[in-house]
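Input: a single structure, listed below in structure tokens.
Every number in this text was worked out from the coordinates using simple rules, so none of it is lab data. What you see is a predicted model, and the numbers here were worked out from it, not measured in a lab. Using ideal geometry, Cβ is built from the backbone for each residue, glycine included, and neighbour counts are taken over all protein chains shown.
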Amino acid sequence: MAGATPRRTRSGPRSGGSWWARVREALGGLTVRGRAFAAAGLTAVVCGSLLSQSGLARVGILIAALPLIAAFVVARSRYRLALVRTVSPTLVAAGQSAKVTLTLSNEGRTPSGTLMLEDQVPYVLGTRPRFVLEGIGQGWRRHVTYQVRSDLRGHYPIGPMSVRVSDPFGLVELGRSFTSVTKLIVTPRTVPLPNIPMGGDLTGSGDNRPRAFASGSAEDVTVREYRRGDDLRRVHWRSSARVGELMVRREEQPWQSRATLFLDNRLRAHRGQGPASSLEAAVSTAASIAVHLAHRGYSVRLVTAAGDDASSVWHTREADTNIAPLLESLAVITATSVPKLEAGWLADPAHGGMVIGVFGGLEQHDLPLVRRMLHHSTSGLAIAVDVDAWVGHGDGTGNAPLLLAQGWRTVVQGPRDRLDRVWKDLGRSASRVELTAR
């Protein structure tokens, strides 16, 4: 994630409408110094008139005119300030920092006095950064950087930038606001997991095993059934005609292992609130498992309690794994109010392979679907989150007995359990099942 492509946005500040509107805005932007000049000038004019001192009156007129002239110049001039904001990386894990780089330039001919900048950021990313810049002339350019960090996952807007512009004498100060907003995505915390035996068919779904069709020639190839998404140019027509269904060359396009990651994100299935809730622990667990499986070469998809196929990550031997879409989905996932688990995703013809479930609290009406999930997979691994332990009432087993009774290889996760150890215990349970089957 640290290598995510930086995101750049460019914009200019919004300015007023008509010329008279800008004049009124400039007069309303008189600083304390500008008002003092105007008051002193008017006082000098009145005193000069009362005392018949024409020289004092002329000086008063000049002093009073200075802030008015400054307001006129500021209103007539259109500051052409440009802002380019770069966030690097744009995808970070909770607790990690991202660097925001602001590049400001004056693309107009009018010099400016002092710029006071404030970038609008959500409070969870830290305090709003403020900067004061001086000496802004024609061709001026400046780079400013600051750090943002969040312990909470989510999508966060950075910007827009607000600017306070003053004239060179500090008599008038106007506010401007840029339009650009840059997104920062904070994903759940992930934990490196050890390699464990998954159990079952480690090459994915059982129906994607290769079939060899000997034709007695040099064109013999190893093929498999056609699956949605395969390149039609790799269809082996002779084998397809022999078996009556489309077959593709396996050696040219090896079929990845498949894994469906199921996350129970129902509100009624979890306890606690905010970052300390059992749902946040389940989301972090799911993110860690997704990263681990993708790095091991699995094609991973995320399914939620509402039956949504939230994201898919496709991994091939020719390309690096890109898990950003799945992590982005987990960054914004929330508790859903659906009362029961949905099963629509099981009807997907592309479904197959291993299923890993991160379950919260289960009820009796959930068990038929839990059985169906296992029936439609080559193997089923489950992490039973002991949700009651998050409110101090857990018994250390959670829903593990229910899942074990349905045939799932299951371990329990509590609020104080290290995920890497929980994952290793799950591997031991899978190994025991394999040895028993042999």
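General observations
- Sum of side-chain charges, Ser337 neighbourhood, beta-carbon under 12 Å (Lys, Arg +1; Asp, Glu -1): +3
- Length added when fully stretched, Arg35-His143, from 0.36 nm per residue minus Cα-Cα: 35.6 nm
- Val191 paired with Ala405, simple spin-label distance in nm, labels 7 Å along Cα-to-beta-carbon: 2.8 nm
- Label-reachable residues, region 392-432, where backbone N falls under 19 Å from a point 7 Å from Glu363's Cα toward its Cβ: 398-403
- Region 262-312-region 37-97 distance, computed between alpha-carbon centres (Å): 56 Å
- The slack in the chain from Ser97 to Arg233, taken as 0.36 nm per residue of separation less the alpha-carbon distance, amounts to 44.4 nm.
- Bridgeable lysines around Lys183 (alpha carbons under 19 Å apart, same-chain partners fewer than 8 residues away excluded): Lys99.
- Among the trypsin sites (Lys or Arg not before Pro) found in region 357-436, those both in a DSSP coil and sparsely packed, with 13 or fewer other Cβ atoms within 10 Å of their Cβ, are Arg416, Arg418.
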